[in-house]
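Structure first, commentary second.
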Amino acid sequence: MKTSILIIYTGGTIGMVKDPVTGSLKPFDFDHILKQVPELKNFGFELTSIAFDPLIDSSNLNPEVWIRIANLIKENYEKYEGFVVLHGTDTMAYSASALSFMLENLGKPVVFTGSQLPIGMLRTDGKENLITAIEIAADYKNGKAIVPEVCVLFENKLFRGNRTTKHNAEYFNAFYSYNYPDLAKVGINIHYNNAVIRNVSDGMFSINTNLDMNIAILKLFPGINKQTVDAILNIEGLRAVVMETYGAGNAPTDEWFIDSIKDAISRGVIIYNVTQCPSGSVNMGLYETGVILRDIGVVSGYDITTEGAITKLMFLLGQPLDSDKIIFYLNKSIKGELC
């Protein structure tokens with residue numbers, strides 16, 4: 001029996017080929033994927049593709065798309081050994097993070113990938129990324145998936161999806177995981193780092209698509225003023241804020257700033273402290289400025305990415321949980337998103 005893989009094409013650079021008449025780039029029909037990437041025949045896998053119609057530029061991605069992807073995986077979960085999600089690079093880390101929270105008891109690989117150059121261009125990175133993503137999605141040992149989690153495959157590395165950030169808009173190594181080891185390195189062989197891959201859950205697979213988008217980001221910068229801070233913290237219906245702070249979670253100690261944060265917290269708004277540094281962790285006990293935030297009720301995000309923080313908040317706020325329980329789970333790793 002052939003190994004079967006479902007390819008979900010949401011849109012993005014990878015699915016573009018040059019029109020022979022106009023010379024412009026256009027999406028290719030993924031029903032004819034073997035014509036574009038004939039190397040896939042060598043796997044002997046049964047490949048099925050589903051393409052979104054219309055295709056979605058990653059800059060237009062929203063939670064409704066995440067829900068569509070989750071539902072497609074649920075509807076096809078028993079039919080396929082693995083799933084490859086082709087996605088634009090700009091928001092791939094957000095989508096991979098969101099799906100990691102939405103897919104419960106995942107026991108099969110869900111591999112996000114894309115490309116910096118269209119698959120129809122001579123020097124494309126798309127073919128290699130697609131081929132490798134499919135190989136990883138199909139990789140089983142003793143009847144169990146080697147990587148039973150949501151991940152991102154780009155160039156020659158496999159990352160945990162909710163630990164990933166796009167860090168390069170120019171070169172093929174577009175993604176990086178600053179605070180968590182690679183799940184695999186790809187060379188002549190694929191070398192899996194089994195010690196850092198999540199274990200398969202024994203529960204039944206399901207999806208949870210309840211999301212609450214009433215959140216905002218407050219990015220601190222020298223000279224930020226009260227009007228800016230209050231405009232964000234007083235958004236109607238706001239339930240949580242990802243506050244991007246300096247270094248190990250530090251922020252201004254001006255009285256007006258602390259009072260604005262305290263007022264928001266008193267109104268039930270959760271303030272989630274995430275460092276602006278791509279590498280490292282929030283430690284609100286390290287400096288006096290961080291201690292003040294901790295003492296007024298700001299929640300530490302530890303080493304979570306901004307993408308992970310946003311999608312985790314959307315997920316938790318969408319559940320029937322009170323604020324204390326949400327804060328409990330924000331401080332806890334639920335899908336390997338923080339240490």
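The values are calculated or read from the model by the stated rules, or taken from the named source; none is laboratory data. Only a predicted model underlies this, so the values are computations on that prediction, with no experimental measurement involved. Every residue, glycine among them, receives a Cβ derived from its backbone with ideal geometry; neighbour counts consider all protein chains shown.
Among the residues of the range 128-180, what is the count of those that are within 14 Å of SER95 (Cα to Cα) and either at pLDDT below 95 or not hydrophobic (A, V, I, L, M, F, W, C) (or both)? Qualifying residue count, the range 128-180: 9.
Taking the range 43-61 as the region of interest, how many residues are of a type in the set (A, V, I, L, M, F, W, C) and farther than 17 Å from TYR94 by Cβ?
6
The residues on offer are PHE83, PHE112, PHE101, and the sole one that is among the aromatic types (Phe, Trp, Tyr), within 17 Å of VAL147 (Cβ to Cβ) and either part of a loop (DSSP other than H, G, I, E, B) or in contact (Cβ under 8 Å) with a residue 60 or more places away in the chain (or both) is PHE83. Among the criteria (1) touching a Cys at 6+ places or on another chain (Cβ under 9 Å); (2) over 20 Å from SER206 (Cβ atoms); (3) not small (Gly, Ala, Ser), the one TYR94 does not fulfil is (1).
Say whether the condition of being more than 21 Å from LYS325 (Cβ to Cβ), touching a Gly at 6+ places or on another chain (Cβ under 9 Å) and not in a strand (DSSP E or B) is met by at least one residue in the range 222-234. There is no residue in the range 222-234 that is more than 21 Å from LYS325 (Cβ to Cβ), touching a Gly at 6+ places or on another chain (Cβ under 9 Å) and not in a strand (DSSP E or B).
Reported count of residues in the range 328-339, each being surrounded by fewer than 22 Cβ atoms within 10 Å (Cβ to Cβ), assigned to a loop (DSSP other than H, G, I, E, B) and of a type outside the set (Gly, Ala, Ser), is 4. Within the range 166-199, restricting attention to residues that are among the hydroxyl-bearing types (Ser, Thr, Tyr) and closer than 22 Å to ALA309 by Cβ, the residue that is surrounded by the most Cβ atoms within 10 Å (Cβ to Cβ) is SER177.
Among the numbered conditions (1) closer than 21 Å to THR13 by Cα; (2) in contact with a Phe, Trp or Tyr (Cβ under 9 Å, 6 or more places away or on another chain); (3) crowded, with 22+ Cβ neighbours inside 10 Å, the only one that GLY88 does not meet is (2).
Within the bounds of the range 82-89, is there any residue that is among the aliphatic types (A, V, I, L, M) and modelled with pLDDT of 95 or more?
Within the range 82-89, one or more residues are among the aliphatic types (A, V, I, L, M) and modelled with pLDDT of 95 or more.
From the list ASN71, ASN42, ASN76, ASN60, the one residue that fits, being surrounded by fewer than 20 Cβ atoms within 10 Å (Cβ to Cβ) and at pLDDT below 85, is ASN42.
Based on this model, can you work out whether ILE235 counts as over 22 Å from the mean Cα position of the chain (by Cα) and in the same structural domain as ARG267 (by TED's automatic domain parsing)?
yes
Of the set (1) in contact with a strand residue (DSSP E or B) (Cβ under 8 Å, 6 or more places away or on another chain); (2) surrounded by 24 or more Cβ atoms within 10 Å (Cβ to Cβ), all apply to ARG163 but (1). Please indicate, with yes or no, whether at least one residue in the range 242-254 is at pLDDT below 95, crowded, with 16+ Cβ neighbours inside 10 Å, closer than 28 Å to LYS166 by Cβ and more than 25 Å from the chain's Cα centre (by Cα). Taking every residue of the range 242-254 in turn, at least one turns out to be at pLDDT below 95, crowded, with 16+ Cβ neighbours inside 10 Å, closer than 28 Å to LYS166 by Cβ and more than 25 Å from the chain's Cα centre (by Cα). For ILE33, the stated conditions hold: it is surrounded by 15 or more Cβ atoms within 10 Å (Cβ to Cβ) and at pLDDT below 95. Residues in the range 293-327 that are among the β-branched types (Val, Ile, Thr) and either over 23 Å from LEU238 (Cα atoms) or assigned to a loop (DSSP other than H, G, I, E, B) (or both): ILE296, VAL298, ILE304, THR305. Among the criteria (1) of a type outside the set (A, V, I, L, M); (2) farther than 28 Å from GLU244 by Cα; (3) in contact (Cβ under 8 Å) with a residue 12 or more places away in the chain; (4) surrounded by fewer than 20 Cβ atoms within 10 Å (Cβ to Cβ), the one ASP212 does not fulfil is (2). Looking across VAL282, VAL299, VAL229, one residue alone is of a type in the set (A, V, I, L, M) and either more than 26 Å from PRO63 (Cα to Cα) or under 19 Å from the mean Cα position of the chain (by Cα) (or both). It is VAL282. Of the residues making up the range 278-292, those that are in contact (Cβ under 8 Å) with a residue 12 or more places away in the chain, on the phi < 0 side of the Ramachandran plot, assigned to a loop (DSSP other than H, G, I, E, B) and among the small types (Gly, Ala, Ser) are SER279, SER281. All conditions but one from (1) closer than 28 Å to ASN225 by Cβ; (2) β-branched (Val, Ile, Thr); (3) over 18 Å from the mean Cα position of the chain (by Cα) apply to ILE326; the one that does not is (1).
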